[in-house]
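In what follows, a structure is listed as structure tokens, so that the remarks can point back to it.
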Amino acid sequence: MPSSSGRRRRGRRGTRRRQRCSTRTWAELPMVAISAILHKLDHIEILMGAGQVCRSWRRAARDEPELWRRIDMRFHADLFYQLNLHGMAQAAVRRSKGQCEAFWGEYAGDDDFLLYLGDQAPSLKSLRLISCYDVSNEGFTVAIEKFPLLEELELSLCSNVGEGGVFGVVGKACPQLKRFRQSKHSFFDFEASGYNKDDEALGVATMHELRSLQLFGNNLTNEGLTAILDNCQHLESLDIRHCFNVNMDDTLRAKCARINTVRLPHDSTAGYEFQVQEPTWSRYRNDSQGEDDTDADDMEYGFDYDLDSEDYDDYCDPSRYLNGVYEDDLDEEDRMVLRAMRALMK
């Protein structure tokens, strides 16, 4: 009979063989199977984890442009203060190799990124930006002219984009635009000399091919809404909830009768994607000025992230995704992702 120590040694060898077999199984999956798995993940998950499993998975994640044709970087707002989401967005677009048709980003996008996207994605059809506070009127105006094929545009909670004729530029640069959505943090009844409440609405009125329009919390008045209804004859869906400067008289109701789905300023916000804030009325402004002098435009929403920092070199691998992955074996883009993963899992 074999000794117990011999059985233990054979048992350990068998365990190691099974572990090596399991590792080889993941690495040796057919490329079709790896691609199918990656297509079920969102793109931040691919950049941070699944794309770093092994060489074959990294190759599939990096060298298959089809995987990056429609880039979705939403629902990771909690990572904004920990990772360079702008840089990760550029990496995602670069992997599309000019084939990107849709980019959806939350906290992932600034002026430089939009210009890069314009150069790298000439066939872009869908652009959705959510809480992209580092996108400005100036940068957006330049970049939007690079997307002549755009059919869908969303600018939600992007407080530094709008007014100043920006939406008029969109109407001219994107003649095929069919869906436009702008959601503001809240309705603010602003009164000032020279301020045109219908500036944005008049720009929207130049988007003649619109089928779907949502303006949540906008300052437009009856005049602006009339311009939109008169010039956007193909509208099938209109959402102007929390646009409290609009008074739906008989004339406006008659103009809206041809539209299949209409949501009016005082309609329920059930199903609205973002948190609904209480409206602020101009007559209360003087009373509230002493409470909080913070200007939203002065708020800081991010920080500089040093991609060349060596702070993460001594971290131990915190996840099975990092086993056997060493920076010396990676190019600059993959090193950036590896460091981001180690920083996140610190």
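The values are calculated or read from the model by the stated rules, or taken from the named source; none is laboratory data. What you are looking at is a predicted structure, and each value in this text was computed from that prediction instead of being measured. Reconstructed Cβ throughout: ideal geometry from the backbone, glycine too, with neighbour counts over all protein chains shown. Side chains are part of the model used for accessible areas, which takes the heavy atoms of the whole protein and leaves out ligands, DNA and RNA. Shrake-Rupley method; radii C 1.70, N 1.55, O 1.52, S 1.80 Å.
Okay, here's what the table says:
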quantity	calculated
log10 of Debye I(q)/I(0), alpha-carbon scatterers only, for region 167-236 at 0.13, 0.17, 0.20, 0.24 Å⁻¹	-0.35, -0.59, -0.80, -1.09
Average Cα contact separation per residue, region 138-212, under 8 Å, 6 or more apart, as relative contact order %	39 percent
For region 93-138, alpha-carbon Rg and Dmax in angstrom	10.2, 27
Potential extension, Arg69-Glu278 segment - 0.36 nm per residue separation minus Cα distance	71.4 nm
Overall Cα dimensions of region 153-288, principal axis frame, Å, largest first	44, 29, 28
With DNA, RNA and ligands ignored, accessible area of Phe190 (1.4 Å probe; Å², nearest 10)	70 Å²
Diffusion coefficient, µm² s⁻¹, Stokes-Einstein with Kirkwood Rh over alpha-carbon pairs of region 210-283 at 37 °C and 0.692 mPa s	256 µm²/s
Sorted largest first, extent of region 200-244 alpha carbons per principal axis (Å)	25, 18, 13
Rounded accessible area per residue of region 133-186, 1.4 Å, Å²	37 Å²
Val262 accessible area, assembled protein chains, probe 1.4 Å, Å²	50 Å²
Net charge contributed by nearby residues that have their C-beta within less than 11 Å of Asn196 (K/R +1, D/E -1)	-4
Global geometry of region 67-207, whether rounded, prolate or oblate, following the gyration tensor of its Cα atoms and the 1.5 cut on a/c	oblate
Accessible-area order (highest first, 1.4 angstrom probe) of the listed residues His76, His185	His185, His76
Theoretical FRET efficiency, 1/(1+(r/R0)^6), r = Cβ-Cβ of Gln99 and Asp189, R0 51 Å, to 0.05	0.70
